[in-house]
Amino acid sequence: MLKQRVITALVLLPIALAGFFWLDGGAFALFIGFVVTLGGWEWARLAGFSAQPLRIAYGLLVAALLYGLYLLPALAPLVLVLAVLWWGAATVLVLGYPDTSRYWGGTPGKLVIGLLILLPAWQGLMLLKQWPMANWLIVAVMVLVWAADIGAYFSGKTFGKRKLAPQVSPGKSWEGLIGGLLASLAITVGVGFYRGWVGSEMVLALAGAALVVLISVVGDLTESMFKRQSGIKDSSNLLPGHGGVLDRIDSLTAAIPLFAVLLWAAGWGAL
């Protein structure tokens, strides 16, 4: 399994980096849109659609809505506001699971939730790509999330005792969360020293990084929550050794919109 995971990662990483750094405009939108559309196809299964025609139809709906957002960039602020509201609600749903599952709204509600998860992630990346240091902003949010994942894994295995959300993901611990958060904050401090941030800039950067990491954990737990309710281990088997696309981007779907909103609030770019 580990060998399979490594091989898949070695194949996908160059493709992802090439797409992020070399593509612009419509090509970049199409590249990210393809990944998000695959995520939509997978989400339809979590929402209760087992038949392929229905799953494909939902994926096509996601693609059509992405195209609409591409044609109407003025909707970006609304999409990101909805994302922030959704991830706030998702935090409550995760903390209260399984009792809160009655608020999902059945299959129709879960289909809407899928849109609230997937569309803002695409929109956030589109905005980051247009702002100063575009490619490095995308790398930054991914490094924050990946560092948190790696830090959580090792600290959780070493020190993990207290379960973070046992009803949702029994393997996650508070010690893992703290270790992952500290790893991301350490990287933020390093970047701050390299870029010469003054005291207030460093404090704001650390606060923002902490929020992004914490909401990325909610993104991970949210997908785990829906998979547990559906009795599904992986969102699909598209990525050998890794499960599905959603299994790889669940944390990022939450982190990217908030990262974009925080940068906008700090005056980095325009919505």
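Things to note:
- Test: E201 is at pLDDT 95 or above, assigned to a helix (DSSP H, G or I) and among the charged types (D, E, K, R): no
- Residue within region 143-160 that is touching an Asp or Glu at 6+ places or on another chain (Cβ under 8 Å), assigned to a helix (DSSP H, G or I) and small (G, A, S) present: yes
Each row is one residue, and each column tells you yes or no for (1) of a type in the set (S, T, Y); (2) under 16 Å from V94 (Cβ atoms).
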{"site": "I150", "(1), (2)": "no, no"}
{"site": "T188", "(1), (2)": "yes, no"}
{"site": "G199", "(1), (2)": "no, no"}
{"site": "G208", "(1), (2)": "no, no"}
{"site": "L214", "(1), (2)": "no, yes"}
{"site": "S224", "(1), (2)": "yes, yes"}
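- No other residue among S230, S200 is surrounded by fewer than 18 Cβ atoms within 10 Å (Cβ to Cβ), out of contact with any Phe, Trp or Tyr (no Cβ under 6 Å at 6 or more places or on another chain) and closer than 23 Å to L116 by Cβ apart from S230.
- Qualifying residue in region 139-154 (condition: touching a strand residue (DSSP E or B) at 6+ places or on another chain (Cβ under 9 Å), over 30 Å from Y58 (Cβ atoms), free of Cβ contacts under 8 Å to residues at least 24 places away in the same chain and small (G, A, S)): no
- Counting only residues that are in a helix (DSSP H, G or I), hydroxyl-bearing (S, T, Y) and within 16 Å of V35 (Cβ to Cβ), region 226-271 holds 2 of them.
- Of all residues in region 96-111, those satisfying the criterion of being surrounded by 16 or more Cβ atoms within 10 Å (Cβ to Cβ) and either on the phi > 0 side of the Ramachandran plot or not in a helix (DSSP H, G or I) (or both) are Y97, W104.
- Evaluating K172 against the criteria (1) part of a helix (DSSP H, G or I); (2) touching a residue at least 40 places away in the same chain (Cβ under 8 Å); (3) surrounded by 17 or more Cβ atoms within 10 Å (Cβ to Cβ) leaves one unmet condition, (1).
- Residues of region 34-59 satisfying the condition of being hydroxyl-bearing (S, T, Y) and surrounded by fewer than 19 Cβ atoms within 10 Å (Cβ to Cβ): S50
- Flag if A186 is buried (at least 17 other Cβ atoms within 10 Å of the Cβ), over 30 Å from P98 (Cα atoms), out of contact with any Lys or Arg (no Cβ under 8 Å at 6 or more places or on another chain) and not acidic (D, E): no
- Residues located in region 45-65, provided they are aliphatic (A, V, I, L, M), outside any loop (DSSP other than H, G, I, E, B) and touching a Leu at 6+ places or on another chain (Cβ under 7 Å): V62, L65
- Residues within region 1-49 that are of a type outside the set (V, I, T) and modelled with pLDDT under 85, tallied: 16
- Of the residues contained in region 78-95, none is found to be over 17 Å from the mean Cα position of the chain (by Cα), over 16 Å from I215 (Cα atoms) and buried (at least 19 other Cβ atoms within 10 Å of the Cβ).
- Where N237 falls short, out of the listed (1) closer than 30 Å to A18 by Cα; (2) out of contact with any strand residue (DSSP E or B) (no Cβ under 8 Å at 6 or more places or on another chain): (2)
The values are calculated or read from the model by the stated rules, or taken from the named source; none is laboratory data. Quantities reported herein were computed from a predicted structural model and do not represent experimental measurements. Note: ideal-geometry Cβ built from the backbone for every residue, glycine included; neighbour counts use all protein chains shown.
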